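**Student:** Can you read through this structure? Questions will come right after.
A short reminder: the numbers here are calculations on the coordinates, not readings from a lab. Note that this is a predicted model, so its numbers are computed, not measured. Don't worry about glycine lacking a Cβ; one is built from the backbone with ideal geometry, like all the others, and counts go over all protein chains shown.
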Amino acid sequence: MDCAKFYRCAHGSAIVEYCPGGLYYNTFTEQCDWPDSVDCQYTTESLAKFKVNEPTTIYLTFDDGPGEGTEQVLKALRNEGVKATFFVNSQYLHDKDEHKTARNKNLLLAAIVDNHIIADHSYDHMYHNSFNTPNNAYKSVQDDSKYFGVMNIYPVLDLLWKHDLKDYIARTNYTMSSIVRMPYTNNWRVGEIKRDCVRCTVPNTSGQNGVEIANVLQAQGKKVFGWDTEWEINWDTKRFKYSGKDLFFKLSRQQHRRNKIVILSHDIAYKPNPQRDEQESLQEFIRLAKTSGYKFDTLDNY
């Protein structure tokens with residue numbers, strides 16, 4: 001481990017830099033520091049200062065799959081013995097590229113058989129309105145609401161049926177019918193939690209329509225989940241802006257209500273990366289969090 005190395009974002013790329021004069025990079029303070037003030041190895045003893053005082057649960061969630069990167073996520077979760085919630089888009093089961101379609105179907109089946117939670121992220125991520133952008137994501141409350149629920153659920157259930165995995169159908173149908181995340185916007189409708197992010201999509205009419213759609217989904221008996229912390233991505237490169245270790249320290253500096261933390265991540269960012277092993281980065285985050293007393297669970301138990 002090179003404790004002097006850190007990354008700086010410049011024009012959408014991660015640039016490797018080094019602390020000068022024998023200094024180490026202090027992830028907690030985000031600056032170069034004296035070696036005596038930096039724990040390079042992160043032993044169990046040195047992590048004691050990050051120990052949570054009360055039982056705190058992390059809910060790992062992964063959006064926009066199945067697809068490139070999902071395999072690495074599943075491997076990391078298996079290695080660390082953690083279950084997560086996958087918010088999926090069934091359009092990826094119908095890709096024009098037959099190879100990608102077969103891969104995506106196999107990855108979704110693997111996630112289900114591994115007993116992860118599969119949840120609704122709309123059929124096409126609102127691409128029918130705007131491709132890969134929050135601009136005009138929600139144009140019609142009536143029409144856009146239809147892209148949740150049956151339209152997104154049936155292709156998944158049909159896949160399970162065709163692969164003779166009927167024992168998983170009831171559970172998958174239940175979780176996809178009851179747990180929803182809206183693309184692009186951090187809206188919540190969970191119990192007494194009601195929060196909206198009108199400014200997450202533009203123009204304002206899109207944000208307002210998103211609020212109304214969240215209300216429609218709630219009226220249908222669904223729980224609409226947003227997120228508390230996002231593992232941020234550079235969307236130009238589809239790479240994480242920082243490592244799993246950095247995510248852990250970011251989490252440690254934040255105040256969280258209800259002792260529950262929903263983390264948003266995206267499958268695509270875990271695709272093979274020559275600069276950093278993102279699978280190992282996720283595993284490192286999980287190990288640091290476990291060592292500090294955090295528990296992991298899925299959103300059906302929120």
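**Student:** List the pair-distance distribution P(r) of the chain, using every Cα-Cα distance, as the percent of pairs falling in each 10 Å bin from 0 up to the bin containing the longest distance, rounded to whole percents.
**Tutor:** Histogram of Cα-Cα distances, whole percents per bin: 6, 26, 33, 23, 9, 2, 0.
**Student:** Which aspartates and glutamates have a Cα less than 15 Å from the Cα of LYS238, not counting those fewer than 8 places away in the same chain?
**Tutor:** ASP63, ASP64, GLU68, GLU230, ASP267, ASP277, GLU278
**Student:** Something else now. Using alpha carbons only, how many degrees (0 to 90, rounded to 10) separate the axis of helix 150-162 from the longest principal axis of the chain?
**Tutor:** Computed tilt is about 90 degrees.
**Student:** With the Cα gyration tensor of the stretch 72-168 giving a ≥ b ≥ c as the square roots of its eigenvalues, does the rule (a/c under 1.5 for rounded; else a/b larger than b/c for prolate; else oblate) give rounded, prolate or oblate?
**Tutor:** prolate
**Student:** Let me ask something else. Kindly identify the stretch 179-261 as rounded, prolate or oblate by the Cα gyration tensor criterion: order the square roots of the eigenvalues as a ≥ b ≥ c, call it rounded if a/c is under 1.5, otherwise compare a/b with b/c, prolate if a/b is larger, else oblate.
**Tutor:** Verdict is oblate for the stretch 179-261.
**Student:** Using the Cβ atoms and a cut-off under 15 Å, what net charge is assigned to the surroundings of ILE179, where Lys and Arg are +1 and Asp and Glu are -1?
**Tutor:** Details: positive: LYS83, ARG171, ARG181, ARG189, LYS222, LYS223, LYS260; negative: ASP63, ASP120, ASP297, ASP300.
Here the charged neighbours net out to +3.
**Student:** Using only the Cα atoms of the stretch 204-302, build the gyration tensor, take square roots of its eigenvalues as a ≥ b ≥ c, and label the shape rounded, prolate or oblate: rounded if a/c is under 1.5, else prolate if a/b is larger than b/c, else oblate.
**Tutor:** In terms of gyration-tensor shape, oblate.
**Student:** I would also like to ask the following. How do the peptides 158-169, 125-136 rank, highest first, by the average count of neighbouring beta carbon atoms within 10 Å per residue?
**Tutor:** In descending order of packing, they fall as 125-136, 158-169.
**Student:** Helix 169-178 against the longest principal axis of the chain: what's the angle in degrees, Cα atoms only, rounded to the nearest 10?
**Tutor:** Result, in degrees: 80.
**Student:** Within the chain, what percent of beta bridges assigned by DSSP are antiparallel, to the nearest 5?
**Tutor:** About 40 percent, rounded to the nearest 5.
**Student:** Continuing with the same structure: Would you mind checking the pairs LYS75/LYS139; LYS241/LYS290; LYS5/LYS51; LYS51/LYS83 and listing those with alpha carbons more than 31 angstrom apart? Please report the intermediate quantities before stating the final value.
**Tutor:** On the way: LYS75/LYS139 38 Å; LYS241/LYS290 23 Å; LYS5/LYS51 26 Å; LYS51/LYS83 22 Å.
Cα-Cα > 31 Å for LYS75/LYS139; rest within.
**Student:** Now, a different point. Which lysines, if any, have their Cα less than 16 Å from the Cα of LYS166, not counting same-chain residues under 8 positions apart?
**Tutor:** Cα-Cα hits under 16 Å: LYS105.
**Student:** Considering only the other residues whose Cβ falls under 11 Å of the Cβ of LEU299, what net charge follows from Lys and Arg at +1 and Asp and Glu at -1?
**Tutor:** Value of the local net charge: +2.
**Student:** In degrees, nearest 10, range 0 to 90: what is the angle between the Cα axis of helix 278-291 and the longest Cα principal axis of the chain?
**Tutor:** 70
**Student:** Can I ask one more? In terms of modelled amide H atoms, which long-range or inter-chain residues lie less than 5 Å from the amide H of ASN187?
**Tutor:** When sequence neighbours closer than 5 places are left aside, the close amide H contacts are MET182, CYS197.
**Student:** Taking the alpha-carbon distance from LYS146 and a cut-off under 21 Å, which lysines remain once sequence neighbours fewer than 8 residues away in the same chain are dropped?
**Tutor:** Counting by Cα, and skipping residues close in sequence, LYS146 has these lysines nearby: LYS222, LYS223.
**Student:** Once amide H atoms are built 1.01 Å from N in the peptide plane, which residues 5 or more positions from PHE296, or in another chain, come under 5 Å H to H?
**Tutor:** Hits under the 5 Å cutoff: ILE58.
**Student:** Would you mind counting up the charge near ARG103? Only other residues with Cβ under 14 Å from its Cβ, with Lys and Arg at +1 and Asp and Glu at -1.
**Tutor:** Once all neighbours under 14 Å are counted, the net charge is -2.
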